[in-house]
Structures are given as structure tokens and as C-alpha cells.
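The values are calculated or read from the model by the stated rules, or taken from the named source; none is laboratory data. From a predicted model like this one, the values you see are computed outputs, not experimental measurements. Using ideal geometry, Cβ is built from the backbone for each residue, glycine included, and neighbour counts are taken over all protein chains shown. Quick note on the areas: whole protein, heavy atoms, side chains included, nothing else; ligands and nucleic acids left out. Shrake-Rupley method; radii C 1.70, N 1.55, O 1.52, S 1.80 Å.
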Amino acid sequence: MRNLSLLVIAIASLSSCKVQQQSLPAMNEPAYHTKTEANEKILVGIIQRSMLENETTFPWFKKMYDLSTPDAQAVRVFREKATAFHIVVFGGTWCEDTHNLLPGFFKLIDQSGFPADHILLIATDRAYQSAFDLSAIFHIVNVPTFIIMKDGHEVGRVVEYGKYGDITKELGEIVTGIR
């Protein structure tokens, strides 16, 4: 990544370390704002999964979670290598692809027992902008984007539906390659 210092700060926050930088919050404190466009609530910034699950204006989360079936191999490898990597996820509460894919990602997380504190969830606006210039640092051009990180470096990413149309399968393949 070009801006390694902010990347290190983001990864450090994933690890629940205390970061001495006033602009980046602790992971247990979301840093976001809300927009309303055409009667649609849009979250922008660092958010928590519970904000999607508990918000009545996001019924898509539960519906798509219930319909999702993660790839069995991905569940296994996520379980086996859970402490070896982190995940940075960019999505848009306004985005239909995020509505379809993000709940299935979280079902993979739940079924594998992957630690929630190893996930940084970042919501973008319609221009793919987010807090702390993270969208630019991670070169986000579409959402959702799922980025697998190891030791502060990107190992791989899946953008939107990926190459198979099954993001859990592709994420599993990326994680399988982690040593």
C-alpha cells in the first residue's frame, strides 16, 4: 500500500491495540455519520455489524443472512486459520450488491467462529468515499470489497461477486494460501 503508516494504524486498530492518533477511533467506538438520500439511510465510516442487524431500515441484512449458505471449505479454512489474518470490508448500505453479499460473508464468519475483532467494516457513500480516507488508501473502486490482510499486508481481495459469484468460496481460496 502507498500509505503504509495509515494502513498500519488501521491494522493496529483491528488488533484492538491503543492507537495514539486522534483521528482513528477505537474499534469498539464506531466513527460514522448518517446521510439520508431519497428516504434511504446511508451510513458512512467505520461501523459495526450490529448497526446493520439492528437497524429497521436495513431489513435486507437478516433476509439475505437467512438465505446464505457459505462454502464448506471456506468455513473450514477460516476456522483453521482464524488467528492468522484480518479482514477489511468496504460496503455501502445503499448498494444492492452489498445487500446481497455482506450478510453471507457474516454467515461465513459465524459458522467458522472467526473473531469479530479481526474485521474492520467500513461503509462508503455512493462515491465510494469513507472516513479517514480509507477508501483511497485501499484503492476501493466498487463495493462490496473484502480484503484479506496478514501482518499489515494485503494477501488478496474479492470485489463484488468475484470470479465465481460465490465470495465465500473465493475468500476461502485466498485464506488457504496464507502461510
- Could you pull the accessible area for TYR161 with a 1.4 Å probe, rounded to 10 Å²? 80 Å²
- Stretched fully, the stretch from GLU53 through ALA82 gains (0.36 nm per residue minus C-alpha distance, one decimal, in nm) 8.1 nm
- Classify region 120-179: rounded, prolate or oblate, from the alpha-carbon gyration tensor (a ≥ b ≥ c, eigenvalue square roots; a/c under 1.5 rounded; otherwise prolate if a/b is larger than b/c)? oblate
- If one puts a single equal scatterer on every Cα of region 40-80 and applies the Debye formula without solvent, what log₁₀ I(q)/I(0) results at q = 0.17, 0.20 Å⁻¹? -0.64, -0.77
- Computed label-point distance, nm, for sites TYR164 and ALA116 using a 7 Å Cα→Cβ extension: 2.7 nm
- Query: Per-residue accessible area for MET51 at 1.4 Å probe radius, Å² rounded to 10?
  - Reply: 40 Å²
- Query: In what order, largest first, do THR93, THR36, THR83 sit by accessible area if the probe radius is 1.4 Å?
  - Reply: THR83, THR36, THR93
- Inter-site label distance for LYS41 and ALA136 at 7 Å from Cα along Cβ, in nm: 3.0 nm
- Query: Could you sort ASP125, ASP151 by accessible area so the largest value comes first, with the probe set to 1.4 Å?
  - Reply: ASP151, ASP125
- What does the charge count near ARG49 come to, summing +1 for each Lys or Arg and -1 for each Asp or Glu among other residues with Cβ under 14 Å from its Cβ? -2
- Cα shape, region 64-179, gyration tensor, a/c 1.5 rule: oblate
- How much of the calculated P(r) for region 77-120 lies past 16 Å, in percent of all Cα pairs? 39 percent
- THR124 - accessible surface, heavy atoms, 1.4 Å probe, Å² rounded to 10: 0 Å²
